[in-house]
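**Student:** Input: one structure, supplied below.
The values are calculated or read from the model by the stated rules, or taken from the named source; none is laboratory data. If you're wondering where the values come from, they're calculated on a predicted model, not measured in any experiment. So basically every Cβ, Gly included, is an ideal-geometry build from the backbone, and we count neighbours across all protein chains shown. Accessible surface is based on the protein model in full, side chains and every heavy atom, while ligands, DNA and RNA are left aside. Shrake-Rupley method; radii C 1.70, N 1.55, O 1.52, S 1.80 Å.
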Amino acid sequence: MKIAFFDTKPYDKPSFDRCGALHGITFKYFETKLNEDTVDLAKGFDGVCVFVNDTVNAAVIDRLCEQGVKVIALRCAGFNNVDVKHAFGKIHVLRVPAYSPYAVAEHAIAMLLTSIRRIHKAYIRTRDFNFSLSGMTGFDLHGKTVGVIGTGRIGRVFIDICRGFGMKVLAYDKYPAKDLKTDENLQYVSLDQIFEQSDIISLHCPLTEETYHLIDETSLEKCKRGVVIINTSRGALVDAEALLAGIKSRKVGAACLDVYEEESDFFFEDFSGHILEDDVLARLISMPNVIVTSHQAFLTEEALENIAETTVNNLVELSETNQCPNELCYRKGKAEDCTAGKCF
Ligand code: NAD
């Protein structure tokens, strides 16, 4: 089986080559992202392998089908960049539902600790032999209230870590988990209660029409002064301009952003020699209480290995049985159920 691999980074190749070789799958690596301009590169391949910032809209799907491509293998969990409804019945769409929830949850915690304990500032200071502690006062996590939005695989790991710190955990999920509902150390509350009562809010839900700009001017108004916002999920969950305004007005005490609404224009690439065109991103990065990482939360050795293994297994299973449990919409099998997030 021949697969065209888009948006390739050097760290992708070793694990995919290793896992592919075990099952007779060869990958042709393209650095470019998949979109309407690059889709013809997929001609002659059995499938494409794509990541979070590739564009898999209706036009791209139609062109892939015209070229005889049979499968789109997402090497990620989120699928908001895929027009799943349009793909239904035309082309298989596979994903990697879980690869390491620990990678993402631990990164969220790393960003939280970095921001509130000013580790990013201390690192720069001590490298310059500046051992002053002025402006470095943080706060204890112990006893603070954290609001977790989305209690799926990553949210659960994040909750476990927060409990280790002795934090009070509030949670909101559109589909609360039965086992967590009866958990004495966790309280499911409404979104408004999350906003009103949390010292720290961490987002772990998918991006859907419903969750688009979940954090915006209105929700930030309801929040406690000094609230810390962590987003390791998808950029468009947060209205970046509203967040910036919240930081300027001191309503937001810190922001930890691994994702950004317009990240596909910048993230994963080196812009160090360029003028950054996005004023909102540039202003956010300039803030002393904002930590930005470029969609790095998934990037651990364990996660890369799991991503490659599951992607290859998905392709093998589909080719051998014409079915795959990690196929989007496989469970319900009706196009009208294919709105992202609904079928799972
Ligand atoms: P998951 O499917 O296990 O959990 C998502 C949870 O969100 C579910 O419990 C679901 O019921 C809930 N949910 C759905 N709609 C909701 C809504 N409207 N409001 C509140 N909750 C809602 O997914 P996961 O593996 O925990 O991943 C969560 C998100 O993390 C993914 O959607 C993806 O966008 C993001 N992610 C980011 C990275 C990264 O590197 N930064 C890596 C992997 C995943």
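**Student:** So, of the residues in the stretch 70-82 that are more than 16 Å from the ligand (Cβ to nearest atom) and among the β-branched types (Val, Ile, Thr), which turns out to be nearest to residue 297 (Cα to Cα)?
**Tutor:** If we take residues in the stretch 70-82 being more than 16 Å from the ligand (Cβ to nearest atom) and among the β-branched types (Val, Ile, Thr), then 72 is nearest to residue 297 (Cα to Cα).
**Student:** Among the residues of the stretch 199-217 satisfying the criterion of being out of contact with any Lys or Arg (no Cβ under 7 Å at 6 or more places or on another chain) and within 19 Å of residue 250 (Cα to Cα), which is nearest to the ligand (Cβ to nearest atom)?
**Tutor:** Result: 202.
**Student:** Say we look at the stretch 1-33 and pick out the residues that are β-branched (Val, Ile, Thr) and more than 17 Å from residue 57 (Cα to Cα); which of these is nearest to the chain's Cα centre (by Cα)? Give the steps one after another, and end with the answer.
**Tutor:** Looking only at the stretch 1-33, we keep the residues that are β-branched (Val, Ile, Thr), and these are 3, 8, 25-26, 32.
From the residues that got through so far, the ones that are more than 17 Å from residue 57 (Cα to Cα) too are 3, 8, 25-26.
Details: 3: 24, 8: 18, 25: 27, 26: 27 Å.
Among those that are β-branched (Val, Ile, Thr) and more than 17 Å from residue 57 (Cα to Cα), it is 8.
**Student:** Conditions: (1) near the ligand (Cβ under 8 Å from one of its atoms); (2) in contact with a Gly (Cβ under 9 Å, 6 or more places away or on another chain); (3) not polar (S, T, N, Q). Residue 155 meets all but one. Number of the miss?
**Tutor:** Looking at each condition in turn, residue 155 falls short on (2).
**Student:** Condition test on residue 64, is it touching a helix residue (DSSP H, G or I) at 6+ places or on another chain (Cβ under 7 Å), part of a loop (DSSP other than H, G, I, E, B) and not small (Gly, Ala, Ser)?
**Tutor:** Numbers: touching a helix residue (DSSP H, G or I) at 6+ places or on another chain (Cβ under 7 Å): yes; part of a loop (DSSP other than H, G, I, E, B): no; not small (Gly, Ala, Ser): yes.
For residue 64, the condition - touching a helix residue (DSSP H, G or I) at 6+ places or on another chain (Cβ under 7 Å), part of a loop (DSSP other than H, G, I, E, B) and not small (Gly, Ala, Ser) - is not met.
**Student:** Would you point out the residue of the stretch 197-212, among those that are open to solvent by 40 Å² or more (accessible area, probe 1.4 Å) and closer than 19 Å to residue 260 by Cβ, that is modelled with the lowest pLDDT?
**Tutor:** Initial filter on the stretch 197-212 (open to solvent by 40 Å² or more (accessible area, probe 1.4 Å)): 197, 206, 209-210, 212.
Among the residues that remain, those that are also closer than 19 Å to residue 260 by Cβ are: 206, 212.
Working: 206: 93, 212: 97.
Checked the stretch 197-212; the qualifying residue modelled with the lowest pLDDT is 206.
**Student:** Among the candidates 312, 316, 280, which residue alone is under 22 Å from residue 18 (Cβ atoms), surrounded by fewer than 22 Cβ atoms within 10 Å (Cβ to Cβ), away from the ligand (no atom under 16 Å from the Cβ) and of a type outside the set (Gly, Ala, Ser)? Walk me through how you get there before you give the answer.
**Tutor:** Values: 312 fails: surrounded by fewer than 22 Cβ atoms within 10 Å (Cβ to Cβ); 280 fails: under 22 Å from residue 18 (Cβ atoms).
Just a single option satisfies the conditions, and that option is 316.
**Student:** Within the stretch 34-77, take every residue that is buried (at least 19 other Cβ atoms within 10 Å of the Cβ) and of a type outside the set (A, V, I, L, M, F, W, C) and give me the one that is nearest to the chain's Cα centre (by Cα). Give the steps one after another, and end with the answer.
**Tutor:** Step one: of the stretch 34-77, the residues buried (at least 19 other Cβ atoms within 10 Å of the Cβ) are 34, 39, 42, 45, 47-56, 60-61, 64, 69, 71-77.
Next, from what is left, pick out any that are of a type outside the set (A, V, I, L, M, F, W, C): 47, 53-55, 75.
Working: 47: 24, 53: 11, 54: 14, 55: 16, 75: 12 Å.
So the residue we want is 53.
**Student:** Out of the stretch 83-138, which residues are among the hydrophobic types (A, V, I, L, M, F, W, C), away from the ligand (no atom under 16 Å from the Cβ) and buried (at least 18 other Cβ atoms within 10 Å of the Cβ)?
**Tutor:** Restricting attention to the stretch 83-138, the residues satisfying the condition of being among the hydrophobic types (A, V, I, L, M, F, W, C) are 84, 87-88, 91, 93-94, 96, 98, 103-105, 108-113, 116, 119, 122, 124, 129, 131, 133, 136.
Narrowing the set further to residues that are away from the ligand (no atom under 16 Å from the Cβ) leaves 87-88, 91, 113, 116, 119, 122, 124, 129, 131, 133, 136.
Of everything in the stretch 83-138, those that are among the hydrophobic types (A, V, I, L, M, F, W, C), away from the ligand (no atom under 16 Å from the Cβ) and buried (at least 18 other Cβ atoms within 10 Å of the Cβ) turn out to be 87, 88, 91, 116.
**Student:** Test each condition in (1) open to solvent by 20 Å² or more (accessible area, probe 1.4 Å); (2) under 17 Å from residue 106 (Cβ atoms); (3) near the ligand (Cβ under 9 Å from one of its atoms) for residue 164 and report the one that comes out false.
**Tutor:** Residue 164 satisfies every listed condition except (3).
**Student:** Something else: Kindly indicate the residue of the stretch 168-185 that is touching a residue at least 24 places away in the same chain (Cβ under 8 Å) and surrounded by fewer than 20 Cβ atoms within 10 Å (Cβ to Cβ) and also farthest from the chain's Cα centre (by Cα) among those meeting that condition.
**Tutor:** 168
**Student:** Which of (1) in contact with a Lys or Arg (Cβ under 6 Å, 6 or more places away or on another chain); (2) charged (D, E, K, R); (3) within 8 Å of the ligand (Cβ to nearest atom) does residue 174 not meet, given it meets every other one?
**Tutor:** For residue 174, the failing item is (1).
**Student:** Given the conditions (1) at pLDDT 95 or above; (2) within 13 Å of the ligand (Cβ to nearest atom), which single one is not true for residue 179?
**Tutor:** (1)
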